[in-house]
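Notes follow the structure.
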Amino acid sequence: MSKLSRASIYAVLVLAALYTLAPLWVMLATSLKSLDEIRDGSLIAAPLAPTVEPWLKAWSSACTGVRCEGLKPFFWNSLLMTIPAVLISTFIGALNGYVLTQWRFRGSEVLFTALLVGCFIPFQVVLLPMARTLGMVGLSDSIFGLIFVHVVYGLAFTTLFFRNYYVSIPQDLMKAARVDGAGFFTIFWRILMPISGPIFVVCIIWQFTQIWNDFLFGVVFAGADSQPITVALNNLVRTSTGVKEYNVDMAAAIIAALPTLFVYIVAGKYFVRGLTAGAVKG
Amino acid sequence: MANLSIKNIRKTYPNGVEVLKGINLEINDGEFLILVGGSGCGKSTLLNMIAGLETVSEGEIQIGGKRVNDLPPKDRDIAMVFQSYALYPSMSVRENIAFGLSLRKVPNAEQEATIARVAKLLQIEALLDRRPAQLSGGQRQRVAMGRALAREPQLFLFDEPLSNLDAKLRVEMRAEIKRLHKRLGITTVYVTHDQVEAMTLGDKIAVMKEGVIQQFGTPDDIYSKPSNTFVATFMGSPPMNLIPAVVEGRDGAGFARIAGDENSPPLSVPLLISSSAIAAYENLRVLLGLRPEQVSDNERPGMSVAVELPVAMTEVTGADAMVFTSLGGVEIVCRTQPRSVAGTDRVRLHIDASHALVFDASTGLRIV
Ligand SMILES: Nc1ncnc2c1ncn2[C@@H]1O[C@H](COP(=O)(O)OP(=O)(O)OP(=O)(O)O)[C@@H](O)[C@H]1O
Ligand SMILES: [Mg+2]
């Protein structure tokens, strides 16, 4: 490859990176400026006198509707909802994938196809039936209700992930384990789990992003005390006390996005690896 | 320790294909059964059913006189080596071997001793801490053997356990398996494609084709009295020659008359059959079965028929020379000494009629 074409490839890549990073930069810069500086300065200029005031306000004292405690309580709500929902849906998905590939039964393929359809059901469709279900089982307006909704909705995806991963594992492995005396769960824990790292990462990132970023289920099914951070962010941005505090809004938006960012950075390299990992060799 | 009895076993997979069509086998305690047959004839399926890994569609399997049809694999007291090795990818070789032991609550010290014993036996001591992915095919195969040999079950099931080893290791392992079987006396079912393995290891051989047992008997039976042309040509290398002929009675003696062609004269090979058999088979179109060593440069007075044939090709394999020629319109292979064919394009051979076999040409079944 010639020097010129290499240089032009890099130029294109750098441009694309700048283009993608620009909004993040604007958000970050704005969140560190005082309101005066925002009014006077340019949108993309670096803050002249950086201040963490907007961050502190967004975290602990900004008004989200009638409450003025910042995003803090909602951040915990989101964590309390997301972590169990991700873990439960991932774990059940792993079990489903295991059963659908290694313990096939009459109709297991049909069941899998039916589950796949679940991936294509839009959120809006399940709102009403889900509301009724939650009401009947007494989980309305609570974090547990939200966890339940996200687990149910996420199962189609997590099952799909694990099924497609486990389908490449040879049946003989299960057979050998059964001859060795291993039962259903022993095989799952001792043989399958240790080779499932990449797909767990993929599944957890996917579920974490979906559940943390969800707004619709949160706004519909959460009670006033159990609202997730996405709903609170919306309220925060829309609650204005006279002047619009762009710096606080930006800081709040970044706070709301930080956990997903964190998950990607920590687990990102496994993400790609897991998505492209085909057969389990050896 | 146990005998194994398989009664009228059938297997139909959920996709509707009938893979096994009524298998009957019976082996005594401590016997070594070889299963041979073409690819896809159902050997692995049968082995899996004995292990309890596939359901039995019809029929009965007994181990040690006890019906095991509905017993899960772990309660059948078997150990198995899989065709695909099936080593646990996340475990080291040591853990692979110990897995079954620890699940059976064998004390740690005993596990260690067992691992040391099989590792030494299979020459895998240096590999104990490696993962399967870090092993060659042959090494994996030995670890798979080791996993089975770690226990002393009622029944060993081996699915082509030596197929990936190099020739030398294969001979060593074959001898090792034989020794082990002598010492432990554990009933064994062993699938192989290898003629030599089949003939040397087996007490009994079952030759299968398309889910049906063609013949079940001792290695000697299978080799010298194959029940049909499939078994005759399947066992033995190079395979038995089958030459079209017609049964003929003359002066109270039976002959197989081979028609002549441009290469060879017409020929009558005497058959060792009774006069009633001659009457029954007179003029029947048959296939005369002659192993390569029965068409040789070795004359047996009284029972030999001499014939001069053109040499199409020769292959010298050490002590022997394989001569490719044709007789009665088909290609045949003969085993001679290399000096008999050196530099000639015609060779004088003797057909040893004393062990000639005769198969009905239309059914393929052996009649003599
Ligand atoms: N799970 C299954 N579902 C449907 N058909 C199967 C299944 N497993 C095997 N078969 C079919 O059953 C037949 C016998 O398979 P099997 O594995 O027993 O053959 P084999 O004799 O062991 O062959 P090889 O020597 O190649 O190992 C094959 O035609 C195969 O396609
Ligand atoms: Mg097989």
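Given (1) within 15 Å of ligand 1 (Cβ to nearest atom); (2) closer than 27 Å to B:Val231 by Cα; (3) open to solvent by less than 50 Å² (accessible area, probe 1.4 Å), where does B:Tyr85 come up short, assuming only one miss?
Failing condition for B:Tyr85: (2).
Name the residue that is farthest from ligand 1 (Cβ to nearest atom), counting only residues in region B:12-21 that are over 22 Å from B:His193 (Cα atoms) and more than 14 Å from chain A (Cβ to nearest Cβ).
Here the answer is B:Glu18.
Within region A:7-30, can you find the residues that are within 12 Å of A:Ile44 (Cα to Cα) and under 24 Å from the mean Cα position of the chain (by Cα)?
The answer is A:Leu21, A:Ala22, A:Pro23, A:Leu24, A:Trp25, A:Val26, A:Met27, A:Leu28.
Which condition does B:Lys74 not pass, out of (1) open to solvent by less than 10 Å² (accessible area, probe 1.4 Å); (2) at pLDDT below 95, if it passes all the others?
Only one criterion is unmet by B:Lys74, namely (1).
Here are some conditions: (1) open to solvent by 10 Å² or more (accessible area, probe 1.4 Å); (2) within 12 Å of ligand 1 (Cβ to nearest atom); (3) without any contact (Cβ under 8 Å) to a residue 60 or more places away in the chain; (4) not aromatic (Phe, Trp, Tyr). B:Met49 meets all but one. Which one does it not meet?
Unmet for B:Met49, out of (1) open to solvent by 10 Å² or more (accessible area, probe 1.4 Å); (2) within 12 Å of ligand 1 (Cβ to nearest atom); (3) without any contact (Cβ under 8 Å) to a residue 60 or more places away in the chain; (4) not aromatic (Phe, Trp, Tyr): (1).
Under the condition of being aliphatic (A, V, I, L, M) and under 32 Å from the mean Cα position of the chain (by Cα), which residue from region B:102-123 is most open to solvent (accessible area, probe 1.4 Å)? If you could, list the steps in order and put the result at the bottom.
Within region B:102-123, the subset aliphatic (A, V, I, L, M) is B:103, B:106, B:109, B:113, B:115-116, B:118-119, B:121-122.
Remaining after also requiring under 32 Å from the mean Cα position of the chain (by Cα): B:115, B:118-119, B:121-122.
Numbers: B:Ile115: 5, B:Val118: 0, B:Ala119: 1, B:Leu121: 45, B:Leu122: 3 Å².
Here the residue is B:Leu121.
Since B:Leu365 meets every condition but one in (1) surrounded by fewer than 16 Cβ atoms within 10 Å (Cβ to Cβ); (2) touching a strand residue (DSSP E or B) at 6+ places or on another chain (Cβ under 9 Å); (3) free of Cβ contacts under 8 Å to residues at least 60 places away in the same chain, which condition does it not meet?
Unmet for B:Leu365, out of (1) surrounded by fewer than 16 Cβ atoms within 10 Å (Cβ to Cβ); (2) touching a strand residue (DSSP E or B) at 6+ places or on another chain (Cβ under 9 Å); (3) free of Cβ contacts under 8 Å to residues at least 60 places away in the same chain: (3).
Tell me, please, whether a residue that is more than 13 Å from every other protein chain (Cβ to nearest Cβ) and under 28 Å from A:Ile265 (Cβ atoms) can be found in region A:190-198.
There is no residue in region A:190-198 that is more than 13 Å from every other protein chain (Cβ to nearest Cβ) and under 28 Å from A:Ile265 (Cβ atoms).
Within region A:218-231, does at least one residue satisfy the condition of being within 30 Å of B:Ala148 (Cα to Cα), open to solvent by 10 Å² or more (accessible area, probe 1.4 Å) and either modelled with pLDDT of 90 or more or not hydroxyl-bearing (Ser, Thr, Tyr) (or both)?
no
All but one of (1) over 24 Å from A:Arg178 (Cα atoms); (2) buried (at least 24 other Cβ atoms within 10 Å of the Cβ) hold for B:Leu20, so report the exception by its number.
(1)
Confirm whether B:Arg291 is open to solvent by 80 Å² or more (accessible area, probe 1.4 Å) and touching a residue at least 24 places away in the same chain (Cβ under 8 Å).
no
Restricting region B:200-215 to residues that are open to solvent by 30 Å² or more (accessible area, probe 1.4 Å) and away from ligand 1 (no atom under 16 Å from the Cβ), which is farthest from the chain's Cα centre (by Cα)? Quick ask: steps written out before the conclusion?
Within region B:200-215, the first condition is being open to solvent by 30 Å² or more (accessible area, probe 1.4 Å), and the residues that meet it are B:200, B:203-204, B:209-210, B:212-214.
Filter once more, so that each one left must be away from ligand 1 (no atom under 16 Å from the Cβ): B:200, B:203-204.
Numbers: B:Thr200: 10, B:Asp203: 11, B:Lys204: 9 Å.
Here the answer is B:Asp203.
State which residue is farthest from ligand 2 (Cβ to nearest atom) when the search covers only region B:29-81 and only residues that are more than 14 Å from chain A (Cβ to nearest Cβ) and on the phi > 0 side of the Ramachandran plot.
B:Gly65
Restricting attention to region A:54-72, which residues are touching a residue at least 60 places away in the same chain (Cβ under 8 Å) and either hydrophobic (A, V, I, L, M, F, W, C) or surrounded by fewer than 18 Cβ atoms within 10 Å (Cβ to Cβ) (or both)?
Of everything in region A:54-72, those that are touching a residue at least 60 places away in the same chain (Cβ under 8 Å) and either hydrophobic (A, V, I, L, M, F, W, C) or surrounded by fewer than 18 Cβ atoms within 10 Å (Cβ to Cβ) (or both) turn out to be A:Trp55, A:Ala58, A:Trp59, A:Ala62, A:Cys63, A:Gly65, A:Leu71.
Kindly provide the set of residues from region B:26-46 that are open to solvent by 10 Å² or more (accessible area, probe 1.4 Å) and outside any helix (DSSP H, G or I), ordered by number.
Once the filter is applied, which keeps residues that are open to solvent by 10 Å² or more (accessible area, probe 1.4 Å) and outside any helix (DSSP H, G or I), region B:26-46 yields B:Glu26, B:Asn28, B:Asp29, B:Gly30, B:Glu31, B:Gly38, B:Ser39, B:Gly40.
Go through region A:158-184 and report how many residues are in contact with a Cys (Cβ under 8 Å, 6 or more places away or on another chain) and either closer than 21 Å to B:Leu103 by Cβ or hydrophobic (A, V, I, L, M, F, W, C) (or both).
Residues in region A:158-184 being in contact with a Cys (Cβ under 8 Å, 6 or more places away or on another chain) and either closer than 21 Å to B:Leu103 by Cβ or hydrophobic (A, V, I, L, M, F, W, C) (or both): 3 in total.
Taking the residues in region B:234-256 that are surrounded by fewer than 19 Cβ atoms within 10 Å (Cβ to Cβ) and in contact with a strand residue (DSSP E or B) (Cβ under 7 Å, 6 or more places away or on another chain) as candidates, determine which candidate is nearest to B:Arg335 (Cα to Cα).
This residue is B:Pro238.
Of B:Lys11, B:Lys7, B:Lys21, which residue is within 15 Å of ligand 2 (Cβ to nearest atom) and in contact with a strand residue (DSSP E or B) (Cβ under 9 Å, 6 or more places away or on another chain)?
It is B:Lys11.
So which of A:Ile254, A:Ile205 ends up being surrounded by 19 or more Cβ atoms within 10 Å (Cβ to Cβ) and part of a helix (DSSP H, G or I)?
A:Ile205
Inside region A:1-10, can you point out the residues that are assigned to a helix (DSSP H, G or I) and open to solvent by 50 Å² or more (accessible area, probe 1.4 Å)?
Those that are assigned to a helix (DSSP H, G or I) and open to solvent by 50 Å² or more (accessible area, probe 1.4 Å): A:Lys3, A:Leu4, A:Arg6, A:Ala7, A:Ser8, A:Ile9, A:Tyr10.
Looking at the structure I just gave you, is B:Pro107 out of contact with any Asp or Glu (no Cβ under 9 Å at 6 or more places or on another chain) and without any contact (Cβ under 8 Å) to a residue 40 or more places away in the chain? I'd like the intermediate steps shown before the answer.
Details: out of contact with any Asp or Glu (no Cβ under 9 Å at 6 or more places or on another chain): yes; without any contact (Cβ under 8 Å) to a residue 40 or more places away in the chain: yes.
Spelling it out, B:Pro107 is indeed out of contact with any Asp or Glu (no Cβ under 9 Å at 6 or more places or on another chain) and without any contact (Cβ under 8 Å) to a residue 40 or more places away in the chain.
The values are calculated or read from the model by the stated rules, or taken from the named source; none is laboratory data. Since the model is a prediction, treat every value here as computed from it, not as a measurement. FYI the Cβ positions are ideal-geometry reconstructions off the backbone, even for glycines, and counts take in every protein chain you see. We work out accessible area using only protein heavy atoms, side chains counted, and drop any ligands, DNA or RNA first. Shrake-Rupley method; radii C 1.70, N 1.55, O 1.52, S 1.80 Å.
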